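Report on the following structure.
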Amino acid sequence: MKTDLAGIRQEYTKGGLRESDLPEDPLLLFSKWLQEAIDAKVDEPTAVIVGTVSREGQPSTRTVLLKDLHDGKFIFYTNYESRKGRQLADNPHVSLSFVWHQLERQVHVEGIANKVPASESDQYFKTRPYKSRIGSRISPQSQPINNRMQLMRAFVKEAARWIGKEVERPEQWGGFAVTPHRIEFWQGRPNRLHDRFLFTLQTDGTWKRERLAP
Ligand SMILES: Cc1cc2nc3c(=O)[nH]c(=O)nc-3n(C[C@H](O)[C@H](O)[C@H](O)COP(=O)(O)O)c2cc1C
């Protein structure tokens, strides 16, 4: 490769995170950072990398969009029969990584994923654009398919079936709610001396806070 990758480096100077900035509840700081990412108009501020682990112990990651944050849980939607969906059914331990490069920030979450109640998935499904609802009915997410035409034919056929009707959520599509037990906030600082704070959930329901070395 001709480009000098090793020479690409950037100083992080946008801010700092002090112990005195930390609330007792890390979800409050997460909400603040998410809102700041939205206000800063970063690309896909809700994008989050979800890490799952197979039965054999093989980790895998992919991006999804965070669609809600309630009762201290992170909610995203997907196909339960997808690779990630099947892995979560076998092993609910999950990681979530948010990276907001323009703000020189990242947040890592570790927790347990559970399906949200069907009524909650129904409620969110109804808010999705019509064509996305049709798409989630016909896409066998993560399965091999012959070609794009196969997908388009299925889409057109399914769209015709639902003209003038409320598109129903397919059973295999819905939300996962991640209950966190470890949340780490990272703010880039000059000279690679970044600020890192780790929140760990204690058995009494409170969060322990520690500064980590960068
Ligand atoms: C910006 C972005 C947002 C995405 N949002 C979602 C999402 O909310 N849900 C989803 O199932 N896949 C989403 N995807 C696609 C996933 O990254 C992935 O390709 C798909 O879920 C299949 O993953 P799996 O085979 O590991 O289960 C998104 C991809 C990108 C790049």
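Label segment 1-101 by shape, choosing from rounded, prolate and oblate, from the square roots a ≥ b ≥ c of the eigenvalues of the Cα gyration tensor; if a/c is under 1.5 it is rounded, and otherwise prolate applies when a/b is larger than b/c, oblate when it is not. It comes out oblate by the Cα gyration axes. With equal scatterers on the alpha carbons only and no solvent term, can you work out the Debye log10 of I(q)/I(0) for segment 33-185 at 0.19 1/Å? Those come out to -1.23, one per q. Straight-line reach from Lys131: which lysines have a Cα under 16 Å away, not including same-chain ones fewer than 8 places off? The qualifying lysines are Lys157, Lys165. The order of the peptides 187-194, 84-91, 159-166 by mean Cβ neighbours within 10 Å, most packed first, is 84-91, 187-194, 159-166.
For segment 1-123, averaging the sequence separation of C-alpha pairs within contact (under 8 Å, six or more residues apart) and dividing by the residue count gives a relative contact order of 20 percent.
What residue among Leu151, Leu198, Leu17 shows peak mean-square fluctuation when the chain is described by a Gaussian network model with Cα springs under 10 Å? Comparing Leu151, Leu198, Leu17 in a Gaussian network model of the chain, the most mobile one is Leu151. Based on DSSP H segments of at least four residues, each scored -39500 (n - 2.57), the chain has a per-residue ellipticity at 222 nm of -8000 deg cm²/dmol. In this structure, the amide hydrogen of Ser54, modeled 1.01 Å from its nitrogen in the peptide plane, lies closer than 5 angstrom to those of Ser60, counting only residues at least 5 positions away or on a different chain. Distant-in-sequence amide contacts of Tyr80, defined by a placed amide H-H separation under 5 Å and a gap of 5 or more residues or a different chain, comprise Trp173, Gly174.
Readers should treat all values here as calculations from the given coordinates under stated rules, not as data from a laboratory. Small disclaimer: the values here were computed from a predicted structure and weren't measured. A quick note on method: Cβ atoms are made from the backbone with ideal geometry, for glycine too, and the neighbour counts reach across all protein chains shown.
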